[in-house]
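As structure tokens, the structure follows; a few thoughts come after it.
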Amino acid sequence: MDKQLDLLQGTLDMLILKAVSLGPLHGYGVLLRIQQISRDRLEIQQGSLYPALYRLEHQGWIASEWGESENNRKAKYYRLTAAGKKRLQTETDKWNRMAEMIAGILGTKREEV
Amino acid sequence: MTGWSQIRSWIRATLRRSDMETEMDAELRFHIEDYADDLVQNGVAREDAMRRARLEFGGVERAKEECREARRVNLVDNLTQDLRYAARMMHTNPGFTAVAVLTLALGIGSCTVVFSVFYNLLFNAFSARDASRLVVPALQDADNVGKADGNLEPLTLHLADLDVVREQNQVFEGVVGYITAGGIVLANDGAQQYQFYAARVTSDAFEFYAVPALLGRGVVTDDGKPGASPVFVMNSKTWKDTFKSDPGIVGKSFTVDGEPRTLVGIMPSKFQAFGPQEQIWIPVTRTSGTPRVAGEFPAEILARLKSGVSLNAASADLDLILRRLAALHPDDFPKHFTARVESATDALVGPSGGGPIFQSDIKHLLYDLLAAVMLLLLIACSNVANLLLAHASVREKEIAVRCALGATRRRLIEQLLVESSVLAVTACLLGYAFAWIGTKIIAAMLPQIMGASLGSRIGAETSLGLNLPVLLFGAGVAALTVLICGLAPALHVLRPDLQPHLTGPGNAGDGSFRHGKFRAGVVIAEIALSIVLLTGAGLMMRSFFVLTHVDLGFNPENVLLVVFLPPPSHGRTPAVQRFASPQGQLVLREVVERLEALPGVSEVAIEDTIPGYGPTRGPEITVPGATHSEEAGLLACDENFLRTLELRLTRGRWLSPEDVQTSQYVAVINKRLASDFFGDANPVGGQLKVKSFKGPTGPPQDTSFQIVGVVEDVKSVGPQQPAMPIAFLPYTVRGGFALLLKTTVKPDSLTHAVQEQVWAVDRDEIIGLSSPLKDFLQKNTYATPEFSLMISAPLAGISLALVVVGIFSVMAYSVSLQTHEIGIRMALGAQRKSILEMILAKGARLIVAGIVIGLFVSYALMRFLASQIWGVSLTDPWTFGGVVALIMLAGLGACLLPARRAASVDPMVALRYE
């Protein structure tokens, strides 16, 4: 089986919010952080990362600021806003409920029906 | 909150576009370089690392575009691009653009004109403060519901009773009264004598209405206090016409109705609040609570609802008060009644406006016209949609290429909608120009038709213009057209397969069978809609023709009617009695002699009614030996009456000069009366018994008249009602107060000369009315249908023109698609004639289908016109036949040019063409 899973539709936004909730990150940093947390099991299209970041910033869930990277380059850092924090919370709850439900359904045994 | 931040982010991104671009560049570059650095650290060679980093990142430009999309900055970009595109499209297809814009402009313009009339008459008819809450209290006589005169009658109250309503009601913010009855007065400024229509108003009336005076001031409450110096106020028309707009007359003293009064103000032209034709207003002097004055005329009432009070609540409240009043003065009220408070607009243009004989339901008419103009707009829209669709088919290849190159469907639809928006905005502006001209024309003709001089005050305070609500409506209509017109071609784009257009011959003809059908459907719908409009207008036209060609029994052409009113110096003796007295007869005879001597006057007759609208049903009559009696109208006149009105004598003789001079009890009866009592027998020589006949003097008593002749029926309740039984009597036995002048010149040119001659005989004489007889018919009977015709006929004309354009464009387009096919047919030996026939048959199929559907729809819809149509069946075969023939002819005419173009196709050219 493939070591990398394809990303479910719409979950990228949630992952980005989670990633920047742990501390401000630049775009590449977001990518690395997600890969790190997922222990390299998730493949993210690099090109699709930035439109997602721009969309989230447009919604007001993350905010950006220029700063210096570890190797002294100018980089744009994203951080979670208050609205983004709330959003992440609701998304997480929703996801958990969903996952629980689906797991429940898939785990149903014959005698339980 | 996110909405806000989105807008902020959009504005920032749009305004600081270049900043965003450089930041985006920097950010992506940083990503790739950092990634490359990481790769180098993992042991990849530097140049190799950069290449791999770029490769794994994917399309940088695409990512950027998606980022821009996320920020919605493309919106402005796309829009400017689309606008530029649309402008280029319009510029390169001037014919298409002109037809589309003109068609839409006609549709939008017509809508705007009709809406201007609709809005300004129904919602903006009064210049008063808070005009929407103005109401007119009215009474419904419960015993008369459903009868011809069973309509709501405006409530009139004596001023003392008005005080009661004012004090006891809970629903009105203000209640004022005005008395117009018997309201013609003589006025004299020392140099010259004038006669004015005057209304006496309660002194709070002008402050209630709250329209500032043009010059000086209106009536104020203090003018009504006993002892206040007597004043009056004048309307602007009289000031302009009679006093040449002389500002110096304000403050001048006049003798009005025998009393010195100061003119304190001129009202603006948009003020005609108290009485339809009143020229001056005089405040009533009285203190509230004064008891009833004997012989005082009751006042008409205008009130303003407190805000938030409904008409029903007001009606209920008023009903209680009136019942208490009716218990005190039972003679003033019908036996069983309900009080109804009507909005002032309804009182003006609603079904009850105009009274029983002069009924005109303008409100209903306005809604009908609005519906008609919406149909017209639909026709215009379908025309333009068809044009755009044909245009879109031609552009199919272009669109297919753009799709293949990655344009999203959404983007293409946006572009097409922008194109139709540009068309619509241009058309909207042009439509406003049309509407401006249209409203000017209607505004100029409205007073001429509705004539404020006689009862109808429609339009007196209305200015038909393009005010803000009207302009907004026009813009709304334009926006609607974008949706309707733009949608069809936009849906066309949504078709899934592009392949045929890219590989095909570049001519969409063969592939567009489905859309050919769709376009044909649109044309059929268009024809059907225009059938509805044309039959509606046709019925109105027929009805108007029938109405104006009703046999009145007399000839109203070149007749001037002069009615005398009792002057004050004669103690208000009714004119009927005065002119029957020996002294009055002398005055009348001298006036008649002087008028007969006027150049341009060929006959003068004395009589006592407005021919066509009188006499109303009078006393019971019967004949000896008859078992029944009936109410008949009595018309008092002299020997000249027959000649003056050109009545047609069928039996016996007319009244002789001796009959009149010696007051003989003889009568000429009309055919209806003769047949009611004598059947086919000859009534001449018989007797006519009139019960309680009221002569000029003495108590009423039963009287016999000898019948000397019979005339053809004469209309007496307006042209629309059947003729009533009438007896013509010598005016010397009953009294007369009106003159009819048969003229050889235009009758209204004589009014001034007539007044001079009358005043030369008696300076105190008041001419209550001096008007061509034809004007009565015009204003009382023809005005409303003429008004509707004036608006609906151009609408129908425009719709016909649009349909011709619609059929033409569809046929021309389909011929251009068939060029190849026609070429093959001709190469195989088809004759020009058969090609011509083929195209015409194709057109005829569309037209016939449209006509059939249109006839069904018209048949179903025409009943809504019932209140506007008189004397013609709603399914009048002549109208329907005429409309069908007209559409058929016009439609085939529109097919002819494309058909001839098809027939003249050169097969060689057509086959090589591709």
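Miscellaneous remarks
- Among the residues of the stretch B:695-719, those identified as more than 19 Å from B:Thr609 (Cα to Cα) and either acidic (Asp, Glu) or part of a strand (DSSP E or B) (or both) are B:Gln701, B:Asp702, B:Thr703, B:Ser704, B:Phe705, B:Gln706, B:Ile707, B:Val708, B:Gly709, B:Val710.
- Single unsatisfied condition, B:Gln701 versus (1) open to solvent by 20 Å² or more (accessible area, probe 1.4 Å); (2) in contact (Cβ under 8 Å) with a residue 12 or more places away in the chain; (3) in contact with a strand residue (DSSP E or B) (Cβ under 8 Å, 6 or more places away or on another chain); (4) farther than 30 Å from B:Trp870 by Cβ: (2)
- Qualifying residue in the stretch B:549-563 (condition: at pLDDT 60 or above and under 30 Å from B:Ala372 (Cα atoms)): yes
- Output for the stretch B:1-23, where each listed residue is more than 8 Å from chain A (Cβ to nearest Cβ) and over 60 Å from the mean Cα position of the chain (by Cα): B:Thr22
- When we screen B:Thr408, B:Thr345, B:Thr338 for residues that are surrounded by fewer than 19 Cβ atoms within 10 Å (Cβ to Cβ), over 25 Å from B:Val99 (Cα atoms) and either modelled with pLDDT of 90 or more or touching a helix residue (DSSP H, G or I) at 6+ places or on another chain (Cβ under 8 Å) (or both), the only hit is B:Thr338.
- Residues in the stretch B:61-80 that are more than 21 Å from B:Ala26 (Cβ to Cβ) and at the interface with chain A (Cβ under 8 Å from one of its Cβ atoms): B:Arg72 alone.
- Leading residue by the ranking (modelled with the highest pLDDT) among those in the stretch A:43-70 that are more than 7 Å from chain B (Cβ to nearest Cβ), open to solvent by 70 Å² or more (accessible area, probe 1.4 Å) and farther than 24 Å from B:Asp19 by Cα: A:Glu70
- Taken over the stretch B:214-258, the residue count meeting the criterion of being part of a loop (DSSP other than H, G, I, E, B) and under 24 Å from B:Gln192 (Cβ atoms) is 12.
- Residue within the stretch B:735-751 that is touching a residue at least 40 places away in the same chain (Cβ under 8 Å) and more than 25 Å from B:Asn555 (Cα to Cα) present: no
- Of the residues making up the stretch B:288-300, one or more are assigned to a strand (DSSP E or B), surrounded by 14 or more Cβ atoms within 10 Å (Cβ to Cβ) and not basic (Lys, Arg).
- Inside the stretch B:235-275, residues that are of a type outside the set (Val, Ile, Thr) and open to solvent by 30 Å² or more (accessible area, probe 1.4 Å) make up a count of 17.
- Of the strands (runs of 3 or more DSSP E) that lie entirely inside the stretch B:590-694, those containing 1 or more residues that are open to solvent by less than 20 Å² (accessible area, probe 1.4 Å) and within 17 Å of B:Ile726 (Cβ to Cβ) span B:601-607, B:620-622, B:633-637, B:666-670, B:687-693.
- The residues on offer are A:Arg73, A:Arg33, A:Arg87, and the sole one that is touching a residue at least 40 places away in the same chain (Cβ under 8 Å), within 14 Å of chain B (Cβ to nearest Cβ) and among the basic types (Lys, Arg) is A:Arg87.
- Flag if B:Asp48 is among the acidic types (Asp, Glu) and either more than 10 Å from chain A (Cβ to nearest Cβ) or exposed (fewer than 14 other Cβ atoms within 10 Å of the Cβ) (or both): yes
- A:Thr92 being in a loop (DSSP other than H, G, I, E, B) and either more than 9 Å from chain B (Cβ to nearest Cβ) or buried (at least 16 other Cβ atoms within 10 Å of the Cβ) (or both): no
- Candidates B:Leu28, B:Leu55 - the one that is of a type outside the set (Val, Ile, Thr), buried (at least 17 other Cβ atoms within 10 Å of the Cβ), within 13 Å of chain A (Cβ to nearest Cβ) and out of contact with any strand residue (DSSP E or B) (no Cβ under 9 Å at 6 or more places or on another chain): B:Leu28
Conditions tested, residue by residue: (1) assigned to a loop (DSSP other than H, G, I, E, B); (2) touching a residue at least 40 places away in the same chain (Cβ under 8 Å); (3) over 16 Å from B:Gly275 (Cβ atoms).
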{"site": "B:Val165", "(1), (2), (3)": "no, yes, yes"}
{"site": "B:Gly174", "(1), (2), (3)": "no, yes, yes"}
{"site": "B:Tyr178", "(1), (2), (3)": "no, yes, no"}
{"site": "B:Ala181", "(1), (2), (3)": "yes, yes, no"}
{"site": "B:Val185", "(1), (2), (3)": "no, yes, no"}
{"site": "B:Ala191", "(1), (2), (3)": "yes, no, yes"}
{"site": "B:Gln195", "(1), (2), (3)": "no, yes, no"}
{"site": "B:Ala199", "(1), (2), (3)": "no, yes, no"}
{"site": "B:Phe206", "(1), (2), (3)": "no, yes, no"}
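- Flag if B:Asp25 is modelled with pLDDT of 85 or more and over 26 Å from A:Gly67 (Cβ atoms): no
- Within the stretch B:449-497, being farther than 18 Å from B:Ser382 by Cα, open to solvent by 30 Å² or more (accessible area, probe 1.4 Å), at pLDDT 65 or above and not aromatic (Phe, Trp, Tyr) holds for B:Ser463, B:Leu466, B:Asn467, B:Leu468, B:Pro469, B:Leu471, B:Leu472, B:Ala475.
The values are calculated or read from the model by the stated rules, or taken from the named source; none is laboratory data. Please read these numbers as outputs of a predicted model, since none were measured by experiment. Cβ coordinates were reconstructed from backbone atoms using ideal geometry, including for glycine residues, and neighbour counts include every protein chain displayed. Accessible surface areas use protein heavy atoms only, side chains included; no ligands, DNA or RNA. Shrake-Rupley method; radii C 1.70, N 1.55, O 1.52, S 1.80 Å.
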